[in-house]
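Chemist: Sharing a structure here in structure tokens format.
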Amino acid sequence: MAKGGKTKDNSGYDASKIKILGGIEAVRMRPGMYIGTTGKPGLHHLIYEVVDNSVDEALAGHCDTIRVTIHKDNSVSVEDNGRGIPFDLHPETKRPAAEVVLTTLHAGGKFGDSVYKVSGGLHGVGVSVVNALSDWMEVEIYREGKMYAQHFETGKPGKEKITPSKDKERTGTTIIFHPDKKIFDDIEFEFETAKHRLQEVAFLNKGLTIILADEREKEKIEETYHYEGGIVEFVASLSKGKEALYAPPAYCTGEKDNVFVEVAVQHLKDYYDENVYSYVNCIRTREGGTHLVGFKSALTKAINSYAKKNNMLKENESLAGEDVREGLTAVINLRIPAPQFEGQTKTKLGNSEVKGLVDSIVADGLGLYLDKNPAAGRAMIEKSLLAYRVRAAARKAQELERKKSALDTAMLPGKLADCSESDPSKCEVFIVEGDSAGGSAKQGRDRRFQAILPLRGKILNVEKARLDKILANNEIRTLITAIGPGCVSALKGDGNGDTEVELTPEELKKRLRYHKIILLCDADVDGAHIRTLIMTFFYRYARELIENGHLYIAQPPLYLLKKGKTQHWLHSDKELEKKLKEVGKEGTSLQRYKGLGEMNPEQLWETTLNPETRTMLQVQLEDAEVADNIFTVLMGSEVEPRRAFIEKHAKDVKRLDV
């Protein structure tokens, strides 16, 4: 008997059960740890990881052209004209260095300081991870008048082959890989997704040429990205379709302590949202970091200094960061020898010394720009002053809202049918289009945890309106009050007048009345328009709700197909066609539901409200630049970009509801 009176466990758990996974095996066992997901974002990340190696060669000054080709079988080749991965024998493993790089995690030229001054990629595990997650990969390397070739199967190396190169002057690396169907949900690459990232890389590396080709269509698609203007052209591209206060974008650059900094900024005339994109060694730092803090500080400092020097501010006036960044589009591009990122996906820079470096370089550079460009300087100050005065009015609204208790149901909008549950994590609110649908939803819901907020007609298009007009709109005020004022950017201050605060997911949840905010609109054109208007509001003024997964879109059915006593609720034409093939058309009846008000409360509960049977889409924000461009095109003031969008996508329309 063991101590304590319990018998020993002889179930066979011994040293033989402890499994040691090698690098490649570990990646295949837990791919999400290395690429985040095995869905579409993870699939495309394979391309970016191979391209990152070629970009490192470009950053080191040894490569000026990268060619990416998506082949008919969904394999991808990435070819560069860099130095080529060394293939002489590695002193420790006694295997060719190229094989070591392609099969061993944390092996490469990024870990010393003699090969790459700066580098990107997934902490040096990139290409070996791509190899591990491909059912096959091939490499061709040209250097020193020789060609090295090797084939890999699920990360395992075949026999290498070294032959004299036909072109003795050729150097570079070509990697071809085919994603493993056993790992990924879908191995169909999307041209537009790859295009966006590769175009971004070309903008960030002025003079670099990136060619993207797609051989899967009847006519081969090929696009070339090359920008001599670098991030100045990037900002101009991001501002396309909007009227700029000044052109071209302001640009400044500098280098200190081996940290290279370049910044391009441009303010837009009739836009009030702030869009700042930051990069470190070509990696997008979505959560910002010390470089972004330094940039914001420098911008505020430079504009205030210029305004005071030119007597453009009253004695008691001082522009805040949010004032000078209203309507701003900016790109911050850094190259750092030893970046310290927070997290595997590199979304936030942590180097403390970078804040001061960026602050100093940008403050000096923008100060010089403003002195040389007084018209641009005056335009910046006038826009910032207007923002300052409008925000002062918004603060009064903020103070009024803050006096109201967050849980005081007496202060909730009268049209809101609230739920009885007091724990927000168990509650959900349906934002419903119109009183008719609202009435049906109120009768059909579960009152314990489901709240219904009907909105009258189309809410204000926030893409075309200033903050004071937005906060004065009845439907938007109703929406803000219902979800929680502290969750909206204009009203989520810290209590001391500072509205420029970043909420953690936990803090955001404390301010929300409902952890699920669900848009419930008709399945017609008007419903789609209203849904887009509401989503534009959330994207521009409550983006953290989207980023933290609180916004959903309900999926009411479009059709009810009956055959005998059996009924089928169907959400699309595709589902209808599939079901008709299964059950046959004979003896069926079909009803199309154009509006939610056409359903009785029981039907609405059964199809759309019941958590056990409903289908919902969670709104996610995978790419802010693409989302920003779509909202600008669809909801902005400029007609031509919207016309071009409609003409481009008209051929994709399957059903036109007029």
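The values are calculated or read from the model by the stated rules, or taken from the named source; none is laboratory data. Here the structure is a predicted model, which means the values were calculated and not measured. FYI the Cβ positions are ideal-geometry reconstructions off the backbone, even for glycines, and counts take in every protein chain you see.
Chemist: In the list Ala298, Ala330, which residue meets the criterion of being within 18 Å of Glu200 (Cβ to Cβ) and either part of a helix (DSSP H, G or I) or in contact with a helix residue (DSSP H, G or I) (Cβ under 8 Å, 6 or more places away or on another chain) (or both)? Write out each step before concluding.
Modeler: Details: Ala298 fails: within 18 Å of Glu200 (Cβ to Cβ).
Exactly one residue qualifies, and that residue is Ala330.
Chemist: Among the residues of region 454-502, write down those that are polar (S, T, N, Q), surrounded by 16 or more Cβ atoms within 10 Å (Cβ to Cβ) and modelled with pLDDT under 70.
Modeler: Listed by number, the list holds a single entry, Thr499.
Chemist: Does Lys166 satisfy being free of Cβ contacts under 8 Å to residues at least 40 places away in the same chain and within 14 Å of Val100 (Cα to Cα)?
Modeler: Spelling it out, it is not the case that Lys166 is free of Cβ contacts under 8 Å to residues at least 40 places away in the same chain and within 14 Å of Val100 (Cα to Cα).
Chemist: Filtering region 207-240 down to residues that are of a type in the set (S, T, N, Q) and closer than 19 Å to Arg284 by Cα, which residue is modelled with the lowest pLDDT?
Modeler: The extreme case among them is Ser239.
Chemist: List pairs: first in region 461-474 and in the same structural domain as Ala542 (by TED's automatic domain parsing), second at pLDDT below 80 and among the basic types (Lys, Arg), Cβ under 8 Å, 6+ apart or cross-chain?
Modeler: As it stands, the answer is Leu467/Arg391, since those pairs meet every condition given.
Chemist: Residues that are free of Cβ contacts under 8 Å to residues at least 24 places away in the same chain, part of a loop (DSSP other than H, G, I, E, B), among the hydrophobic types (A, V, I, L, M, F, W, C) and out of contact with any Leu (no Cβ under 9 Å at 6 or more places or on another chain): does region 315-323 have at least one?
Modeler: No.
Chemist: Same structure, new question: Kindly provide the set of residues from region 288-332 that are buried (at least 17 other Cβ atoms within 10 Å of the Cβ) and under 13 Å from Gly367 (Cβ atoms), ordered by number.
Modeler: Result: Ala298, Leu299, Thr300, Lys301, Ala302, Ile303, Asn304, Tyr306, Ala307.
Chemist: So, Ala247, is that one hydrophobic (A, V, I, L, M, F, W, C) and assigned to a loop (DSSP other than H, G, I, E, B) or not?
Modeler: yes
Chemist: Looking at Gly109, Gly84 in this structure, which one is at pLDDT 90 or above, in a loop (DSSP other than H, G, I, E, B), under 21 Å from Glu138 (Cα atoms) and of a type outside the set (A, V, I, L, M, F, W, C)?
Modeler: After ruling out the rest, the residue left standing is Gly84.
Chemist: Something else about it: Being of a type outside the set (S, T, N, Q) and either modelled with pLDDT of 95 or more or closer than 22 Å to Val55 by Cβ (or both) is the filter here, so list the residues in region 258-275 that pass it. Working first, answer last.
Modeler: Just the residues of region 258-275 that are of a type outside the set (S, T, N, Q), to begin with: 259-265, 267-274.
Scanning region 258-275 gives Val259, Phe260, Val261, Glu262, Val263, Ala264, Val265, His267.
Residues are listed down the side, and each one gets a yes or a no for (1) at positive phi; (2) at pLDDT 90 or above; (3) within 29 Å of the chain's Cα centre (by Cα):
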{"site": "Ile24", "(1), (2), (3)": "no, no, yes"}
{"site": "Arg28", "(1), (2), (3)": "no, no, yes"}
{"site": "Met33", "(1), (2), (3)": "no, no, yes"}
{"site": "Leu43", "(1), (2), (3)": "no, yes, yes"}
{"site": "His62", "(1), (2), (3)": "no, yes, no"}
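Chemist: Ala410 - would you say it is under 28 Å from the mean Cα position of the chain (by Cα), at pLDDT below 90 and not in a loop (DSSP other than H, G, I, E, B)?
Modeler: Here the answer is no, as Ala410 does not meet what is asked.
Chemist: Suppose we filter region 190-244 for residues that are small (Gly, Ala, Ser), assigned by TED's automatic domain parsing to the domain that holds Ala376 and not in a loop (DSSP other than H, G, I, E, B); how many remain?
Modeler: Number satisfying all stated conditions: 3.
Chemist: Here is a follow-up. Could you list, in sequence order, all residues of region 563-620 that are closer than 23 Å to Lys426 by Cβ and part of a loop (DSSP other than H, G, I, E, B)? Lay out the reasoning, then the answer.
Modeler: Filtering region 563-620 down to residues closer than 23 Å to Lys426 by Cβ leaves 601, 604-620.
Within region 563-620, Asn610, Pro611, Glu612, Thr613, Arg614, Thr615, Val619, Gln620 meet the criteria.
Conditions (1) touching a helix residue (DSSP H, G or I) at 6+ places or on another chain (Cβ under 6 Å); (2) part of a helix (DSSP H, G or I), marked per residue:
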residue	(1), (2)
Glu25	no, yes
Thr37	no, no
Leu43	no, yes
Glu49	yes, yes
Ser54	no, yes
Glu57	no, yes
Arg67	no, no
Asp73	no, no
